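J.: First the structure, then my questions, so here it is.
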Amino acid sequence: MSTSNERIQLGDLVCWRIQHAGAELLVSEQGAQILRYQPARGEPLIWLSDEAAYSAGKSVRGGVPVCWPWFGDLQRNPEAIRNAYSRPTDAPAHGLVRDRDWQLIGLNTEEDGVTLSFAFDTAAQPIAEWPHAAELQLDIRLGERLKLSLTTRNLGDSELPISQALHTYFAVSDIRKIQIEGLDACRYVDTLQDWKKVRQKGAVTFTGETDRIYLDTPPQLSIVDPLWKRRIFMRSEGSGSAVVWNPWIDKAKRLSQFADDAWQGMLCIEHANVLDDSLILAPGAEYRLDVTLWAQPL
C-alpha cells in the first residue's frame, strides 16, 4: 500500500501530513492536535474550520484537541483537580497542553498503517502553576481505521488528579438531520439547564444549542448521517464520559475561528473522563484512553 510522510508548515505551526492507502491525516506538533482526517472514500471524518488560524500559542478550531489535565472550566472540576493548579480563578479552558509544543518521539511506517507518537513531559517542559511530574503520550495510528491512544503517567511521588478529553470535531452533512446512537438510557448533565441531571431517551437529535456531559457511557457510539449515507463509529476504552456539543446559531456568531453558519456541518463528541469519572493516579501509575474511529455506508 502506498504511504508518504511529509513535514509541512501551516502558518506558525509545524505539521505532519500522512497519506496511507488513499487516506490522509494532518497533525500539528502544537498540542499534538489532529487537524484533518480524510478516509480513502467519502467525506472527511474530522471537521476543520474554514476560518482556522494556525497561530503559535492558540488551539486550532476543529480537529481533535487534547484537553488535559482538566476538561472545560477548571472551576467545574472536582476539588482535587482545582487544587492542583495554583491559579484556579485564572485557569485556561480545557487544560494546559492544547497550545504547547509536544515532542515527536516516533514515526513508524508498516505495511498496514502509520503510527505517530507525541509526548509532553512536565519535567522537560515545566508548568509553573501546575508543579507536578507527569508524562503525556498520544499515539495516532492511521490504518484502515484511525486510532488515538492517550496515556498519562504519574512520575511524581504523590497522587495525580486529572480530568481529560479527546475533543473530537466530526464532519456531518447537516446537524439537524443526524442522530447519535448508543446513549439511550444514559444519564447526562445538561450544562445549559443549570447542570441538571437528565436521562437520555432514545437517540440523540439536535434542535438547538447542545452541551451535555454523558456519564457511564458504553464503549461504542455512532453518528447516523442519512444525507451522506454513512455511519461513523466510535469505539473507546478507558473512557467513562462523553461530551456532546453543538453551538447552534447564536453561539456560533460569538466563537473565534468559526463561520456564522459552520454549526450546521459539525458535531463534537468528546470521549473523556470528567466530573464523577475523573481520575486519581497513584505514584508511578499510568492510565490510557483509546478511541478508534471509522465509517461505513448506511
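The values are calculated or read from the model by the stated rules, or taken from the named source; none is laboratory data. Predicted model only: the values in this text are computed from it and were never measured. FYI the Cβ positions are ideal-geometry reconstructions off the backbone, even for glycines, and counts take in every protein chain you see. Remember, those area values only see protein heavy atoms, side chains included, never the ligands or the DNA or RNA. Shrake-Rupley method; radii C 1.70, N 1.55, O 1.52, S 1.80 Å.
J.: Of 49, 241, 86, which is the most mobile in a GNM of the chain whose springs link Cα atoms less than 10 angstrom apart?
T.: 86
J.: Which whole number of Å³ per residue matches the convex hull of the alpha-carbon atoms in segment 190-265? Could you put the intermediate results ahead of the total?
T.: Numbers: hull volume 10.0 nm³, N = 76.
It is 131 Å³ per residue.
J.: In percent, what relative contact order does the chain have, based on Cα pairs under 8 Å that are 6 or more apart in sequence?
T.: Numbers: 799 pairs, mean separation 52.0, N = 298.
This gives 17 percent for the chain.
J.: Roughly how many percent of the accessible protein surface of segment 146-212 is carbon and sulfur, given a 1.4 Å probe and a whole-percent answer? Spell out each step's value before the answer.
T.: Working: 1140 of 2930 Å².
So the carbon and sulfur contribution to the accessible surface is 39 percent.
J.: Please give the per residue accessible area of segment 77-177, computed with a probe of 1.4 Å over protein heavy atoms only, in Å². Each step should come with its number before you reach the end.
T.: On the way: 4390 Å² over 101 residues.
Per residue, segment 77-177 has an accessible area of 43 Å².
J.: I need the per residue convex hull volume for segment 86-217, using only the alpha carbons, in cubic angstrom as a whole number. Could the numbers behind the result be given before it?
T.: Values: hull volume 23.0 nm³, N = 132.
Once divided by residue count, the hull of segment 86-217 is 174 Å³.
J.: Taking just the alpha-carbon atoms of segment 79-118, what radius of gyration and Dmax come out, in angstrom?
T.: According to the Cα coordinates of segment 79-118, Rg and Dmax are 16.7, 49 Å.
J.: Of the heavy-atom accessible surface of segment 1-104 (probe 1.4 angstrom), what whole percent is carbon and sulfur? Don't jump to the answer; show the numbers that get you there.
T.: On the way: 1880 of 4640 Å².
So the carbon and sulfur contribution to the accessible surface is 41 percent.
J.: How big is the charge dipole of the chain about its Cα centre, in debye rounded to the nearest 20, if each Lys and Arg gets +1 on its Cβ and each Asp and Glu gets -1 on its Cβ? Intermediate results must be reported in sequence, preceding the final value.
T.: Values: 31 positive and 40 negative charges, 146 e Å.
That gives the chain a dipole magnitude of about 700 debye.
J.: Can you pull the Kirkwood radius for the chain, inverse mean 1/r over Cα pairs, to one decimal in Å?
T.: Values: mean 1/r = 0.0514 Å⁻¹.
After inverting the mean inverse Cα-Cα distance, the result is 19.5 Å.
J.: Given a 1.4 Å probe, how much area per residue of segment 230-295 is accessible, in Å²?
T.: Details: 2470 Å² over 66 residues.
Ligands and nucleic acids excluded, the figure is 37 Å² per residue.
J.: Just to make sure I understand: if all protein chains stay in place, what is the order of 207, 3, 292 by accessible area at 1.4 Å, largest first?
T.: Of 207, 3, 292, the descending order of accessible area is 207, 3, 292.
J.: Probe 1.4 Å, all protein chains in place: accessible area of residue 287 in Å², nearest 10?
T.: 70 Å²
J.: Follow-up. Could you tell me which residue out of 133, 56, 40 lies farthest along the dipole of the chain toward its positive end? Charges go on the beta carbon: Lys and Arg +1, Asp and Glu -1, centred on the Cα centre.
T.: Among 133, 56, 40, the one farthest towards the positive end of the dipole of the chain is 40.
J.: Reachable aspartates and glutamates from residue 201, Cα under 12 Å, same-chain residues fewer than 8 places away excluded?
T.: Of all the aspartates and glutamates, those that pass the test against residue 201 - Cα under 12 Å, at least 8 places apart if same chain - are 181, 184.
J.: First select every other residue whose beta carbon is under 15 angstrom from the beta carbon of residue 28; then total the charges, Lys and Arg +1, Asp and Glu -1. Walk me through the numbers on the way to the answer.
T.: Numbers: positive: 7, 17, 36, 58, 61, 98, 100; negative: 6, 12, 24, 29, 99, 101.
Around residue 28, the surrounding residues sum to +1.
J.: All other residues with a Cβ under 10 Å from the Cβ of residue 40 taken together, and with Lys, Arg as +1 and Asp, Glu as -1, what is their net charge?
T.: Values: positive: 41; negative: 24, 144.
Charge balance in the 10 Å sphere: -1.
J.: Something else: Quick one: net charge around residue 15, please, counting Lys, Arg +1 and Asp, Glu -1 for every other residue with C-beta under 14 Å from its C-beta. Intermediate results must be reported in sequence, preceding the final value.
T.: On the way: positive: 7, 17, 36; negative: 6, 12, 24, 29, 101.
With Lys, Arg at +1 and Asp, Glu at -1, the net is -2.
J.: Then there is this: Given Cβ point charges of +1 (Lys, Arg) and -1 (Asp, Glu) and nothing else, what value in debye, to the nearest 20, does the dipole of segment 28-116 about its Cα centre take? If you can, show how the numbers build up before the last one.
T.: Working: 9 positive and 12 negative charges, 76 e Å.
For this selection, approximately 360 debye.
J.: Here's a follow-up. Working only with C-alpha atoms, what are the Rg and Dmax values of segment 36-154, expressed in angstrom?
T.: 16.2, 49
J.: Please go through the residue pairs 58/147; 197/229; 229/251; 147/253 and name each one whose alpha carbons sit more than 30 Å apart in this structure. Intermediate values should be presented prior to the final figure.
T.: Details: 58/147 25 Å; 197/229 33 Å; 229/251 28 Å; 147/253 32 Å.
As for pairs spanning more than 30 Å Cα to Cα, those are 197/229; 147/253.
J.: Another question about this same structure. Pick from 61, 98, 87 the residue whose mean-square fluctuation is largest in a GNM of the chain, springs joining Cα atoms under 10 Å.
T.: 87
J.: Can you work out the base-10 log of I(q)/I(0) for segment 140-261 at q = 0.09, 0.18, 0.20 1/Å, using the Debye formula on its C-alpha atoms alone?
T.: -0.31, -1.16, -1.34
J.: Which of the listed residues, 224, 148, 167, is farthest toward the dipole's positive end in the chain, when Lys, Arg count +1 and Asp, Glu count -1 at the beta-carbon?
T.: 224
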